[in-house]
Amino acid sequence: METITTEVLVVGGGTGGTAAAIQAARRGAKTVLVSEGPWLGGMLTAAGVTAPDGNELLALQTGLWGAFLRALEQRQPGGLDHAWVSFFTYEPRVGAAIFADWVQALPHLTWIAGQRPRAVLRQGDRVTGVRFDRLTIQAQITLDGTELGDLLALGDIPHRWGWDDPDQFSEPSAPGSLTDPADPLHAMVQTYPVQAPTWVVVMQDFGPGETAPAIPPPPDYDPTVFEGAWQGYGPERFLDYGRLPGDRFMINWPHHGNDYGVDLQRLVQGDDAWTAWAKAAIAHSQGFAHYIQSQLGRRYGLATDTFPTDPQGLGGGAFALQPYYRESRRLVGLTTVTETDILPRPGGQVAPLPVDAQGKATAIACGNYPNDHHYPGFDLPLAPKARRWGGRWTGTPFTIPYGALVPATVDGLIACDKNMAISHLANGATRLQPVVLAVGQAAGMAAALCIEHNCHPRQLAAGAVQQALLHDPIAAAAVIPCYDLPPHHPDWVAVQQRYCDRPDTYPVDGISGVTPIPASPAPPAQTVSGPVQRGPQGDDWQLVTTALGPTPWPLVTLCPAVQQQFQTWQPGQQVTVQAIANPHGPWLRALATM
């Protein structure tokens, strides 16, 4: 068996692992990235979730996440404005090509595909590398970027799986008892140890009058499972949820759809159990696609050229190369992110910043998604963390501390995906694609800094990671979220640094007070004029313009300078905006006002 020695080893080519490897190598560390599949990017590519959620506000489009969006804007024919669940939808191949190009351009990075981890190498309390199917890699720092936290189990590194004891973290949304049958949530907890994954399938609109190939029903197909899937939405609105360029649709639908949560313990019970679950999950998604075609007509079929053939014979074609996992094994870290850490401060619109014993902020990544859990057939009441901003609903921002990436008792390892130290409940907000990408970037930076300083991750100061991320010459990343602080603002670094050093001055409303700086609109933005009127929410606007038809267009924005203009308008006022029209939103995404 071949043995390779490197400085940094990243195991797993998912969202976090890919980001970690890129960042470590860009920093100059000799890095090896080992992936199981042929595509990098995980959720953002191979799992088919190409309608990413969260971190959509311009102020949060930083680091590798912001760079990924800019690359998509340049490469994706037809642009990114197609769906209503996300402002950014794209073909999976385009995303995979971006990550592959980034990786292949780095002289310090070696990518090895088609290998699975089989054992974690340890010397006492230190991880020293990983043995794979056909090679062994020894490394000074190893990063677990696997989808299910495989290295945590293989290396006997303390971790959690599933629900936490309600008394452990005192979270407001925790069920009263996990074992009391009288508790109304008892059945849900027993049925779902973790959130249900989804095996995404991509469908194609072949056009009016066209007949797509028939989608056969899987064995034991039961159409009643999917009845009412788009009730309350309607077929067109349902399809537009995850509309992709080229009249395609990402099918990742939670309401009587293709979330699949049957016997989820199989995910961590070995290869045979996992394969049995995967085949059943794919069959479930095939059944949903068959149901859609049978109900909505043969103009809709499978987009069979979306994914390459899967080497394991699972997925490929119209079916994603891997499941969209919403939860993993979770590290027992120096710090654990709980539900309280992601909820807005009393009377505010942002979560509290994590701090160390010296009163310094330890945040190294940002997120803003509402807490969202998936348990088919059940509803888990959750403490609210959403607000109105830019003419629409968005989640309130929170941060991830460096200590959540570092094992409490083991050296030589950093977590860089959904396997970081979080509670089961907090995972509903931290699991989203942009957050995991940011966590991966921070983990990769931390690994490179450990090499530079010849120290263990537990010895590395969070401030060193913050400084490196804020000053990265290629993809500088925010560590403190402020609604009004976009990355192109000249005071961006200074304000970020201020709150890192003095987290006690961080405003509860998340508004730093900087002078707004408009963004520079890019194609396919168009200039549209007309009077505005109030929308149905009372704090939103609609633009009345004959240029886009007789119906008023809702106006939304991700830009803080435009949001500030929204607050000054009066009904009937004549305005001119540079915007991108998304008829499937439907809305005009305003990039600038004139």
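The values are calculated or read from the model by the stated rules, or taken from the named source; none is laboratory data. Every value quoted in this text rests on a predicted model; they were computed, and no experiment measured them. FYI the Cβ positions are ideal-geometry reconstructions off the backbone, even for glycines, and counts take in every protein chain you see. Please note that ligands, DNA and RNA were not included when accessible areas were found on the heavy atoms of the full protein model with its side chains. Shrake-Rupley method; radii C 1.70, N 1.55, O 1.52, S 1.80 Å.
List of remarks:
- Those helices (runs of 4 or more DSSP H) lying entirely in segment 166-258 with at least 1 residues under 24 Å from the mean Cα position of the chain (by Cα) and closer than 20 Å to His290 by Cβ: 235-240
- Residue in segment 60-80 that is nearest to Phe398 (Cα to Cα), counting only those that are buried (at least 24 other Cβ atoms within 10 Å of the Cβ) and in contact with a strand residue (DSSP E or B) (Cβ under 9 Å, 6 or more places away or on another chain): Leu60
- For the condition closer than 30 Å to Lys385 by Cα, in contact with a helix residue (DSSP H, G or I) (Cβ under 6 Å, 6 or more places away or on another chain), surrounded by 15 or more Cβ atoms within 10 Å (Cβ to Cβ) and not hydrophobic (A, V, I, L, M, F, W, C), Pro193 qualifies.
- So Asp417, is it of a type in the set (Asp, Glu) and open to solvent by 20 Å² or more (accessible area, probe 1.4 Å): no
- Output for segment 113-133, where each listed residue is open to solvent by 60 Å² or more (accessible area, probe 1.4 Å) and touching a Ser or Thr at 6+ places or on another chain (Cβ under 8 Å): Arg122, Asp125
- Scanning segment 91-114 for residues that are farther than 30 Å from Arg131 by Cβ and either touching a strand residue (DSSP E or B) at 6+ places or on another chain (Cβ under 7 Å) or of a type in the set (Val, Ile, Thr) (or both) yields Glu91, Pro92, Val94, Ile98.
- Cβ pairs under 6 Å, 6+ apart, first in segment 9-38 and within 10 Å of Gly440 (Cα to Cα), second open to solvent by 10 Å² or more (accessible area, probe 1.4 Å) and assigned to a loop (DSSP other than H, G, I, E, B): Gly14/Glu147
- For segment 148-162, the tally of residues that are open to solvent by 30 Å² or more (accessible area, probe 1.4 Å), part of a loop (DSSP other than H, G, I, E, B) and in contact with a Ser or Thr (Cβ under 9 Å, 6 or more places away or on another chain) stands at 2.
- Qualifying positions in segment 15-50 - touching a Ser or Thr at 6+ places or on another chain (Cβ under 7 Å), part of a loop (DSSP other than H, G, I, E, B) and not basic (Lys, Arg): Trp39, Leu40, Gly41, Thr50
- Within segment 260-277, considering residues that are over 13 Å from Ala153 (Cβ atoms) and of a type in the set (Phe, Trp, Tyr), the one nearest to the chain's Cα centre (by Cα): Tyr260
- Test: residue in segment 343-363 that is farther than 30 Å from Thr568 by Cα, touching a Ser or Thr at 6+ places or on another chain (Cβ under 7 Å) and open to solvent by less than 10 Å² (accessible area, probe 1.4 Å): yes
- Residue within segment 433-441 that is among the small types (Gly, Ala, Ser) and open to solvent by less than 10 Å² (accessible area, probe 1.4 Å) present: yes
- Single unsatisfied condition, Arg298 versus (1) over 25 Å from the mean Cα position of the chain (by Cα); (2) in a helix (DSSP H, G or I); (3) surrounded by fewer than 16 Cβ atoms within 10 Å (Cβ to Cβ): (2)
- Selected residue (only one of Thr110, Thr136 is over 28 Å from Asp472 (Cβ atoms), open to solvent by 10 Å² or more (accessible area, probe 1.4 Å) and either touching a His at 6+ places or on another chain (Cβ under 7 Å) or in contact (Cβ under 8 Å) with a residue 60 or more places away in the chain (or both)): Thr136
- The criterion of at least 2 residues that are within 28 Å of Ala590 (Cβ to Cβ) is met by the following helices (runs of 4 or more DSSP H) wholly inside segment 385-484: 433-453.
- Among (1) open to solvent by less than 40 Å² (accessible area, probe 1.4 Å); (2) among the aliphatic types (A, V, I, L, M); (3) modelled with pLDDT of 95 or more - the single one Ala494 does not satisfy: (1)
- Filter result (surrounded by fewer than 21 Cβ atoms within 10 Å (Cβ to Cβ) and either in contact with a Gly (Cβ under 6 Å, 6 or more places away or on another chain) or touching a residue at least 24 places away in the same chain (Cβ under 8 Å) (or both)) within segment 251-268: Pro254, His255, His256, Leu264, Gln265, Val268
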